[in-house]
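Input: a single structure, listed below in structure tokens.
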Amino acid sequence: MPRYSTERTPSHTSYGRLAGQPAKSTPTPKSAANAATSKSAAAPAPRFVAPSPLADAPRSYGKRVEEFTPTPLSRPIGLSYPPEPGQNTGIDSRTWKQRRDDFVNYDKHLERREYLKNKISRPYFRDWGNLQFHKGKSFIAPPRLFKGDLSLFFPNLYGRTLVKTDKEPRDTTPVLRGRVSVVSVFSSMWGDNQCKTFVSQASNPGVEQLIAESGGRAQHVRINIEEDPLKAFLVKLWMGRLRREVGGEENYHRYFLVRKGISDEIRESVGLLNSKVGYTYLLDARCRIRWAGSGDSEDHERDGLVKGIQRLLLEDEANAKKQ
């Protein structure tokens with residue numbers, strides 16, 4: 001009978017290969033400390049984000065405010081990027097293929113559903129109810145101008161003007177850029193009357209006087225936001241009365257009827273927190289918000305607006321001499 005060897009041979013050769021490899025060295029505490037130091041050095045330092053100066057102001061959404069007292073703006077408001085024509089037009093520029101892709105995209109569907117849910121859940125009369133707090137005044141104007149290098153930007157808006165021969169919507173940025181601008185933003189007659197307490201001849205004659213004597217370097221721009229189609233149609237019926245109200249034909253292109261393109265981000269950034277309230281902004285030649293007021297004006301706010309216009313005109317004159 002044949003004899004079978006009882007000696008066992010290894011079925012795997014990996015043990016031999018592992019035996020021939022040098023053992024991995026474990027990191028010493030010093031090397032571990034160096035690695036931790038390099039990681040911490042590479043990691044960017046956390047940026048401090050200052051709280052919004054409008055954090056406690058009443059809004060048309062969110063938790064209902066039971067008590068509120070407006071305070072002066074403690075820091076600049078506005079967008080962090082400069083405005084450009086073509087922004088915030090509200091026009092859907094997607095191709096049919098892009099619309100189809102977005103329609104079948106589940107993530108896009110969830111975003112749209114969340115947006116519609118937020119719109120529907122907003123109480124309709126919340127803005128009217130918030131008028132009980134100091135007639136809707138969201139904030140008090142700052143005691144002095146914001147510094148130019150720290151100021152933020154006013155957004156580009158898109159709407160029809162009062163020019164008779166031009167019925168197409170226009171951008172606001174080309175009108176605002178290059179001039180000191182007092183901008184009145186409102187959505188109702190109540191808000192329009194509040195803006196007039198800052199700039200009208202009866203309430204604050206110094207504003208019109210400075211604009212008239214500036215030689216075209218200062219202007220008053222009105223922006224009427226009417227997102228409701230019926231209200232926008234009624235405003236168009238009263239175009240003749242609006243033309244008489246703004247003055248001569250040289251002011252027709254400085255009145256804008258804006259119907260869409262104003263997002264919640266824009267409203268939060270520039271402080272348009274109540275659609276029934278009027279807001280007044282003072283912009284420099286680079287469309288930066290250097291001063292802002294809301295609601296009915298107070299004595300010190302009217303004086304501050306006049307002094308702010310004078311200061312910006314002097315800055316504009318100094319910049320022109322440098323160039």
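Quick check on L273: is it crowded, with 18+ Cβ neighbours inside 10 Å, more than 18 Å from the chain's Cα centre (by Cα) and within 28 Å of R144 (Cα to Cα)? Break it down stepwise before answering.
On the way: crowded, with 18+ Cβ neighbours inside 10 Å: yes; more than 18 Å from the chain's Cα centre (by Cα): no; within 28 Å of R144 (Cα to Cα): yes.
So L273 does not fit the description; no.
For residues in segment 247-266 being farther than 12 Å from V163 by Cα and of a type in the set (A, V, I, L, M, F, W, C), which is modelled with the lowest pLDDT? Working first, answer last.
Our first condition is that a residue be farther than 12 Å from V163 by Cα; within segment 247-266, this holds for 247, 258-266.
When the remaining residues are screened for being of a type in the set (A, V, I, L, M, F, W, C), the result is 258, 262, 266.
Numbers: V258: 94, I262: 90, I266: 93.
Among residues in segment 247-266 that are farther than 12 Å from V163 by Cα and of a type in the set (A, V, I, L, M, F, W, C), the one modelled with the lowest pLDDT is I262.
Under 6 Å by Cβ, and 6 or more places apart or on different chains, what pairs join a residue from segment 136-159 that is closer than 14 Å to G271 by Cβ with one that is among the aliphatic types (A, V, I, L, M) and part of a loop (DSSP other than H, G, I, E, B)?
Every condition considered, the pairs that remain are G136/V277; S138/A57; S138/L273; F139/L73; P142/L73.
Among the residues of segment 65-108, what is the count of those that are in a loop (DSSP other than H, G, I, E, B), at pLDDT below 85 and under 28 Å from V258 (Cα atoms)?
6
The values are calculated or read from the model by the stated rules, or taken from the named source; none is laboratory data. Since we're looking at a predicted model, the values are computed, not measured. Virtual Cβ from ideal backbone geometry, glycine too; neighbours counted across all protein chains shown.
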